[in-house]
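The values are calculated or read from the model by the stated rules, or taken from the named source; none is laboratory data. Since we're looking at a predicted model, the values are computed, not measured. All Cβ positions, even for glycine, are placed from backbone atoms using ideal geometry, and neighbour counts span all protein chains on display. The protein model used for the area step is the full one, side chains on, heavy atoms only, and it has no ligands, DNA or RNA in it. Shrake-Rupley method; radii C 1.70, N 1.55, O 1.52, S 1.80 Å.
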Amino acid sequence: MNGTTTPILIAIVLQLGLGLVVFQSNPKRKSNQSFLLLALVADAWLYSLYYALTATGVHAAELGIREASAAAALVLASFNLLRLSIREGHKGWSGILRRARGWLVGTFCIVGFCQTKWFLERVQMPNVIGLGVPKPIYGHVGVYVYATFFITAIVVLIIGAARDLRQTRGGEHAELAFILIGGIFTLAGATLGALILGYFIDPARLLWFAPFRVVFFCVLVAYGIATRKIMEVGLFLRRVMSYVLLTAYLLVLYIGVWLLTTTALQSIAVITAHSIAHVAAAVVIAFAMAPARGVSQRLAERLFISTQRLDFRATVSKAADILSSVTTLTDLLERFARTIAEAVQTDRVAILLHEGKRFDQAYALQLGDARGPTVSLSEQDPLVRYLREHKTPIVYDELHRVRASTELDEVIVRMRTLKAAVVMGIFSREHLSAVMFLAPRTSGRIYGSIEQEALQVLCGQLAVAIDNAELFTEVQNAKIYNETLLENLTTGVIAVGANERITVFNNEAEQITGFDSRKILDQTIDELPSALRETLRETLRTGQGQENTEFILHTESDGVVARASTSIFHGQDGRVLGALMVLTDITALKRLELQIRRSDRLASLGTLSAGMAHEIKNPLVSIKTFAQLLPERYQDPDFRQTFSNLIGHEIDRIDSLVNQLLRFARPAKPHLKPMHLHQVLDKSLLLVGHRLYQKDIKLTRLWEANVDTIRADADQLEQVFLNFFLNAMDAMKNGGELSIATQIRTDAEWVSPLTHSNGQTHEILRITIRDSGEGIRSEDIPHVFDPFFTTKDYGTGLGLSVVHGIIQEHGGQIEVESELQKGTAFHILFPLVRFDSEVAAA
């Protein structure tokens, strides 16, 4: 291996890899198969060159040169097959080979001719093997025959490709154009290289450049065949020319700066001068890059000024003007479709909107003789599924470049049936809201990457415009809907603005208040009853809504019990726009509650009577037994002593039971005053501290509430907490942990409406008393507050009932949670009241 053969080996590997990549992109496509054949033939040519250049004998070198010449002819034949496979891709290989039979016969003849002495007489080997290349000595007649075939074949290829370009459109046209451009560039490079470098380099050495020409040609052809987003040929040429001009300009500039700097620094060392010159030239190139790129692009556009292309900026600006000025959906779609048709030069544009479970054609622009079917797509249509999954435009010319699949085949068939070249998805908030169909361009050009990018931007603008048009319609419909809804609601609705003027007063509000909405609308809230007026005014003043406020409205016929909830509504900028009140007539509900409460009271009375009879009967039985034995054993002093003690004890027991019953039936009204709850808890814990120590129970306090002020009766709360503490200690037997915690929560913690008022509050103070005792069975939890219900072997079962009543009298609530063998927790909730003045100690 030497420096001459290294590029050939690299080119062989690159060529084979390129052929396989293009083939794998779509193995079933004829053009991809033809390109693989072309790549293999080109590799055969390169390998023949490598074999000839590395030959150590005359016969091996002669064989390599003959096969390289034959492979060159096969390259032209493969090139022609590639052209025909694009042009006749819909036919089978038998039809393509019939079209190419003349080429195949001529190629096989020239391949055979290359094996004769008429073509190659002998090979002159270099004096030293490895330091030169074999020099072919061609026959006087054979070289002219071979050259004539080669030139004729190239001319025929160029003429055929040019003819095909005139007869094809769209993707076929673009692919053939890239093949023709690749061939012309390769031929021009080979010719100019031979003419220019031939003066300075031995012709045999020119073989070193052959691999680069082949790889460049195949790369260019592969781009035209296999690239998904193919660039329009005119734009490709402009970019290539732009980069060529930019490279030439920067190279000249670099050499110029380097020469000037070197000349100016002749007085210093040569190595230092050259280094400084290179640095100076690099700095100049860095600053000149940006302006030079713009100049090269403008110059390239002038060289290809006749090439038609989409004016992206002008089209987007025109579309923006249309979308901002259109008010109706029909006008919007019509003007937008015309703008798109003019921009991309097509004669048919159809726009489908999502209606229900289908996309129905809302507008179709058809210019001249262009006619297409009326389009309607279901949710399961292949085009709809593809757009939703990939969210990219569907371009018919590009679908053949992708590996075939069932989904892709269905999409191709649908687009062919609908005569569509491009299908665009119009997405609104990631949702496919519309579909746009475009016919092929009248100029025959493809929808290149520039056109697709422009269409995607325009479709994004159209999605916004469609949303706005539909939103306007929805707003109008919503206004009618809301008015109808408000007038038919079974709850009263009153809305007032920030200026305290009434803006909404529906029919149900008329029925509840007895006011005429026509007279009260746009009036101040002073016209409303005082309860409603003050509630709305307080809501506007504080900016906080009020929940489930109950009051009685006196109407002309009768009093009405109403429940009201208010809330504030804000504008987009956060400014208060007004207040809303929802009124509910609960007069009938209150009557029903009264009846239920009366029934509950009677039921409780029955339960209470049964429990009381059971509890009193036990001591009475003991008294009766001793009374019956008294006449017989009166003389017995021990019996009299026992009888006297028993009578006193049982009477005390009955008295205690009656007192507890009285406290339950008629609990003392609490004297509510401001107090600190933590002080009451500390005092109650102090009273049970000795017993906690005796039972080896660990006490944990966690006062998380930074404010603990409430309105309460300290003595009654002390009774409540002592009851909970004693019950917890009884549940833990010996050992365990008792924890007491306080927290501040929002009023959302209330599990049911408050039945007592304890000041206006939106915060609660929650006390959690948790033990690690035996727990309560789930079926017993609903009954723990029932009178005479107990799980102990002793006691009356009235303790928690009395506690529950005290907490209710304080406007609080109580919750219980428990799990067997894990313990019980009672949550006591009181309205938190923040006082401005000092609160006295409990």
Cut-off under 5 Å, modelled amide H: who pairs with G545 long-range: I568
Qualifying lysines (Cα of each under 28 Å from Cα of K822; at least 8 residues distant if same chain): K683, K695, K698, K733, K792
The range 1-76: trypsin sites (Lys or Arg not before Pro) in DSSP coil with no more than 14 other Cβ atoms inside 10 Å: K28
Accessible area, probe 1.4 Å, largest first, for residues T339, T56: T56, T339
Where GluC sites (Glu not before Pro) fall in DSSP loop in the range 380-474, at most 10 other Cβ within 10 Å: E430
Hits among aspartates and glutamates - C-alpha to C-alpha of K590 under 18 Å, sequence gap 8 or more where chains match: E547, E550, D558, D600
Simple Cβ-charge dipole of the range 56-104, Lys/Arg +1 and Asp/Glu -1, about Cα centre, in debye nearest 20: 400
For the range 581-590, 3J(HN,Hα) per residue [Karplus equation, 6.51 cos²θ - 1.76 cosθ + 1.60, θ = phi - 60°, Hz, x = Gly/Pro]: 10, 10, 10, 10, 7, 10, 4, 5, 5, 5
Table column - 3J(HN,Hα) (Hz), the range 18-24, Karplus curve with 6.51, -1.76, 1.60, x for Gly and Pro: 5, x, 5, 5, 5, 5, 5
Of all accessible heavy-atom area on the range 492-553, the percent that carbon and sulfur account for (1.4 Å): 40
Prolate/oblate/rounded label for the range 1-131 (Cα gyration tensor, a/c 1.5): oblate
Amide H partners (placed H, <5 Å) of T168, local residues excluded: none
Loop-resident sites, the range 390-450, for trypsin sites (Lys or Arg not before Pro), counting at most 14 other Cβ within 10 Å (DSSP): K391, R403, R429
The range 365-476: C-alpha gyration tensor shape, a/c 1.5 cut-off, then a/b vs b/c: prolate
FRET efficiency for R98 and F150, using Cβ-Cβ distance with R0 set to 25 Å, rounded to 0.05: 0.55
Distant-in-sequence amide H partners of T442 (H built 1.01 Å from N, under 5 Å): T346, D347
